[in-house]
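Structure, as structure tokens:
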Amino acid sequence: MRSSSAPAVAASGEEVGRDGVRQPGGEVHAWLPGQNQTVCGLALSRTRLRRFPHVRFDYSGTDVLTEADAVGWICPRCLAATVGRRGKEKRGWVRDSPRP
Ligand SMILES: [Zn+2]
């Protein structure tokens with residue numbers, strides 16, 4: 001009931017990393033595996049968004065995108081929806097491990 005409902009990523013583009021694993025690029029939305037639309041309501045078939053079921057949508061509004069990132073834009077509506085969901089699950093503020 002926990003991991004199966006975790007939002008994954010749907011994106012307009014993709015890059016293949018050095019390890020051969022596809023990574024999302026371009027516009028990024030949250031997507032719940034099994035559904036045919038993004039969290040913000042875009043139909044995957046109409047928008048040609050690609051699905052990344054192996055990539056968790058764990059972006060936050062404070063993430064800073066640089067030119068080195070393949071991701072160019074993160075949907076604010078999907079962000080808001082998934083951040084609210086996470087807050088309820090964890091019952092309060094839990095700080096993620098800091099990045100280097
Ligand atoms: Zn979205």
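Remark: G26 falls outside the filter, which requires a residue to be surrounded by fewer than 17 Cβ atoms within 10 Å (Cβ to Cβ) and outside any strand (DSSP E or B). Is there a residue in segment 1-11 that is in a loop (DSSP other than H, G, I, E, B), out of contact with any Lys or Arg (no Cβ under 7 Å at 6 or more places or on another chain) and within 11 Å of the ligand (Cβ to nearest atom)? Taking every residue of segment 1-11 in turn, at least one turns out to be in a loop (DSSP other than H, G, I, E, B), out of contact with any Lys or Arg (no Cβ under 7 Å at 6 or more places or on another chain) and within 11 Å of the ligand (Cβ to nearest atom).
For segment 65-72, state whether one or more residues are open to solvent by 90 Å² or more (accessible area, probe 1.4 Å), among the β-branched types (V, I, T), free of Cβ contacts under 8 Å to residues at least 40 places away in the same chain and in a loop (DSSP other than H, G, I, E, B). Within segment 65-72, none of the residues are open to solvent by 90 Å² or more (accessible area, probe 1.4 Å), among the β-branched types (V, I, T), free of Cβ contacts under 8 Å to residues at least 40 places away in the same chain and in a loop (DSSP other than H, G, I, E, B). Applying the condition of being in a strand (DSSP E or B) and open to solvent by 70 Å² or more (accessible area, probe 1.4 Å) to segment 52-64 and asking which residue is nearest to A6 (Cα to Cα) yields R56. Modelled with pLDDT under 95 and open to solvent by 70 Å² or more (accessible area, probe 1.4 Å) - does that describe any residue in segment 4-11? Taking every residue of segment 4-11 in turn, at least one turns out to be modelled with pLDDT under 95 and open to solvent by 70 Å² or more (accessible area, probe 1.4 Å).
The values are calculated or read from the model by the stated rules, or taken from the named source; none is laboratory data. All values reported here derive from a predicted model rather than from experimental measurement. Please note: Cβ atoms are built from the backbone with ideal geometry, for glycine as well, and neighbour counts cover all protein chains shown. Just so you know, the surface numbers come from the protein's heavy atoms only, side chains and all, with ligands and any DNA or RNA stripped out. Shrake-Rupley method; radii C 1.70, N 1.55, O 1.52, S 1.80 Å.
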